[in-house]
Amino acid sequence: MSEHTFHPESLMMSHGYRPEWSEGAIKCPIFQTSTFVFPTAEQGKAHFEVAYGLRNRRDNEKEGLIYSRINNPDLEILENRLAIWDSAEACAVFESGMGAITTVLLEFLQPGDLLLHSTPLYGGSDHFIRHILPRFGIRTQEFHPNDTEEQLIAQVQASGERLAMVFVETPANPTNALYDLQACRAVADHFSTPERRALVAVDNTYMGPLWQHPIRWGADFSIYSATKYIGGHSDVIAGAVCGSQAHLLRLKALRTFLGNMAGPWTGWLLLRSLETLHVRMERQAATAAHVARFLRSHPNVEQVHYLGFLDPEKDARQYDIFRRQCSSAGAMLAFDVKGGEEAAFRVLNRLKLVKLAVSLGSTESLAQHPDTMTHAGVALDHKRALGITPGMIRLSVGVEHPDDLIWDLQQAML
């Protein structure tokens, strides 16, 4: 019989783990230990040489277990499984999504560099890029969804700065604006030199590992708040980065010294969640389509920001990006209610099934007010220019029955 290539959702049940390693346990146990015993002093030396980058692993040499701040079986198996979704060489898991993002930025940027970033960004990313990176002598410059490759090149050239990285969040939070990753790669390549390649990092949280694969479009990093779809149950905080083996070795080295490694319980919880990732996300996307159609027809709703409503003619460029890059419209949408903040708060306060909370991608539906919550720290004029209005509500659609969610939204907007 010929070899068979399994789909990612099938590999989430067993890839990287063998029951005979742990007394026949069908599921990977929680390795709740701080340190690991070396068989010999020579092997301990060898483990540290590889862990600290003093040499590369030899053929057939495994990365040895040393200390759970450096590596842990739960995290290693999790990282191997997460890498499958993005067809990546390697993955690193962090204690939070912001831990993942900031470690990428700190490792691959240096004083005098320019970071070109999309906007809007998640509030935490926006704050770190605009207010923390400049303290380290790193210049930042934003760009917008409709900026072309040629415009971006001209923009960087006009700045006179040295482009080191393009950081993109697509779809953007909370507007669902899309960015062309092929164009971002082309811009980065334009400013790359034989000595240093400009990198492309993508926050792929909104689409999760299922609906968009940035590495296929030239990105160096696919970054996640694993708290969201990957975790999917509102019970764990984590982050992840997928990319090349060479880049991930550098990230893991910095992670060791920053100490933002995820613990074994986090790893175990995420291993559990990966087993249902595909069915959860597909159900959420299907339900979101029903909810979006209801909202678009409601007389108290001015606008619905949902990828499934992109028009091939009116939204030609955005539609083209969506058609190429995304395999689904996803389960995130935002809508503007008539009456501004007062009306939005009234809707949020009347919800019964949908929970009023930040975060996204979980089994339960969540609604929040971006203007005063997740994007509260973004300058007012900047929010308005981006279309984040006082009447906007962001909705993360869960796995509830669509009829129940529609009933809840209907009664909240009476």
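The values are calculated or read from the model by the stated rules, or taken from the named source; none is laboratory data. Computed from a predicted structure; not experimentally measured. Please note: Cβ atoms are built from the backbone with ideal geometry, for glycine as well, and neighbour counts cover all protein chains shown.
Quick look at the numbers
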| read-out | value |
| --- | --- |
| Scope segment 295-320; condition among the hydrophobic types (A, V, I, L, M, F, W, C) and touching a Phe, Trp or Tyr at 6+ places or on another chain (Cβ under 7 Å); matching residues | L295, V301, V304, L307, L310 |
| Of residues in segment 1-36 being touching a helix residue (DSSP H, G or I) at 6+ places or on another chain (Cβ under 9 Å) and surrounded by fewer than 11 Cβ atoms within 10 Å (Cβ to Cβ), the one modelled with the lowest pLDDT | I26 |
| Top-ranked residue in segment 182-213 [being surrounded by fewer than 24 Cβ atoms within 10 Å (Cβ to Cβ) and hydroxyl-bearing (S, T, Y); ranked as nearest to T119 (Cα to Cα)] | S192 |
| Answer residue from segment 138-150, given it is over 23 Å from the mean Cα position of the chain (by Cα) and surrounded by fewer than 14 Cβ atoms within 10 Å (Cβ to Cβ) and is farthest from A316 (Cα to Cα) among those | E150 |
| Members of segment 113-135 that are more than 24 Å from G160 (Cβ to Cβ) and of a type in the set (S, T, Y) | Y122, S125 |
| First in segment 305-318 and among the aromatic types (F, W, Y), second anywhere and surrounded by fewer than 17 Cβ atoms within 10 Å (Cβ to Cβ) and modelled with pLDDT of 95 or more, Cβ under 7 Å, 6 or more apart | F309/R296 |
| Boolean, Q155 is surrounded by 15 or more Cβ atoms within 10 Å (Cβ to Cβ) and farther than 21 Å from Q325 by Cα | yes |
| Residues within segment 287-304 that are in a helix (DSSP H, G or I), surrounded by fewer than 17 Cβ atoms within 10 Å (Cβ to Cβ) and in contact (Cβ under 8 Å) with a residue 12 or more places away in the chain, tallied | 2 |
| A412 out of contact with any strand residue (DSSP E or B) (no Cβ under 8 Å at 6 or more places or on another chain) and among the aliphatic types (A, V, I, L, M) | yes |
